[in-house]
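J.: Let me begin by handing over the structure; questions about it come next.
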Amino acid sequence: MVRTPDEPGILHALTGIILEHRANITYIDISERRGGWSTTYLELEDVSSPEVLMEDLRSLPIVRELERTPSFAKVYGKRIIVVGGGAQVGQVVVGAVAEADRHNIRGEKISVDTIPLVGEENLAAAVRAVARLPRAVALVLAGALMGGDVTRAVREIRERGIIVLSLNMAGSVPEAADLVVSDPVQCGVMAVMAVASSARFDISRQRGRRY
């Protein structure tokens, strides 16, 4: 994490040093923009000499603070996103959080994010955005009626490797999902099982089924 002035050219200066060390940037985020300053968070791989890289970055005049932190993957791990109606989302989360806790106690890191939404346009945009979210591996669609562009969005993100679970609802979304589960609490549980390394649950053997 690097604290710098919030001005043009900052990212160019930072990545120039990283390039000199032949390190690969796997994730980057700019946050805490206030008072003319901002924080740039970078995740790197193939760093041959981390301490030397830190010193070279610290030597830049623009760098106010520099801190080495654990990656988001180590802190928060895999992400499950739950989208849909507020009541259904809440019940899915009950199951997902309870099951995630069971696996996280064993040393995994699985986090659950939610957003209650209504409207086909909003839902389709949220579904497509899951494929762009860092560490997102699964989506649960929790609602009473979803179809149209939402269904097209589901097919698109499945092609990009996102696992999609759906409640048994009206509309065409259940036909496009990997797995359909009627009970929202159980749907949350099975979403976690589908992504947990310590669970004996193979989503490829469940695709197209309804429970």
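The values are calculated or read from the model by the stated rules, or taken from the named source; none is laboratory data. Note that the coordinates shown come from a computational prediction; the quantities given were computed from them, not determined experimentally. Every residue, glycine among them, receives a Cβ derived from its backbone with ideal geometry; neighbour counts consider all protein chains shown.
Listed here are the residues, each with its yes/no results for (1) over 18 Å from the mean Cα position of the chain (by Cα); (2) surrounded by 16 or more Cβ atoms within 10 Å (Cβ to Cβ); (3) in contact (Cβ under 8 Å) with a residue 40 or more places away in the chain.
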| site | (1), (2), (3) |
| --- | --- |
| Leu14 | yes, yes, yes |
| Leu53 | yes, yes, no |
| Leu57 | yes, yes, yes |
| Thr69 | yes, no, yes |
| Gly77 | no, yes, yes |
| Ile81 | no, yes, yes |
| Val93 | no, yes, yes |
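J.: I want to confirm something. Restricting to the range 149-167 and keeping residues that are surrounded by fewer than 16 Cβ atoms within 10 Å (Cβ to Cβ) and more than 17 Å from the chain's Cα centre (by Cα), which single residue is nearest to Val112 (Cα to Cα)?
T.: Out of the qualifying residues, it is Arg155.
Here is a yes/no grid of residues against (1) more than 18 Å from Arg205 (Cα to Cα); (2) outside any loop (DSSP other than H, G, I, E, B); (3) in contact (Cβ under 8 Å) with a residue 40 or more places away in the chain; (4) out of contact with any Ser or Thr (no Cβ under 9 Å at 6 or more places or on another chain):
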position: Ala153; (1), (2), (3), (4): yes, yes, no, yes
position: Arg158; (1), (2), (3), (4): no, yes, no, yes
position: Ser166; (1), (2), (3), (4): no, yes, no, yes
position: Glu175; (1), (2), (3), (4): no, yes, no, no
position: Cys187; (1), (2), (3), (4): no, yes, yes, no
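J.: Tell me, please, whether a residue that is assigned to a loop (DSSP other than H, G, I, E, B) and of a type in the set (S, T, N, Q) can be found in the range 101-120. Talk me through it step by step, then tell me what you get.
T.: We begin by selecting, within the range 101-120, every residue assigned to a loop (DSSP other than H, G, I, E, B); these are 105-109, 117-119.
Retained after the next criterion (residues that are of a type in the set (S, T, N, Q)): none.
There is no residue in the range 101-120 that is assigned to a loop (DSSP other than H, G, I, E, B) and of a type in the set (S, T, N, Q).
J.: Filter the range 121-148 down to residues that are modelled with pLDDT of 95 or more, in a loop (DSSP other than H, G, I, E, B) and buried (at least 22 other Cβ atoms within 10 Å of the Cβ), then give me how many there are.
T.: 1
J.: Scan the range 95-112 for residues that are among the polar types (S, T, N, Q) and crowded, with 18+ Cβ neighbours inside 10 Å and report the count. Steps first, please.
T.: Residues of the range 95-112 that are among the polar types (S, T, N, Q), as a first pass: 104, 111.
If we keep only those that are crowded, with 18+ Cβ neighbours inside 10 Å too, we end up with 111.
Going through the range 95-112 one residue at a time, the tally reaches 1.
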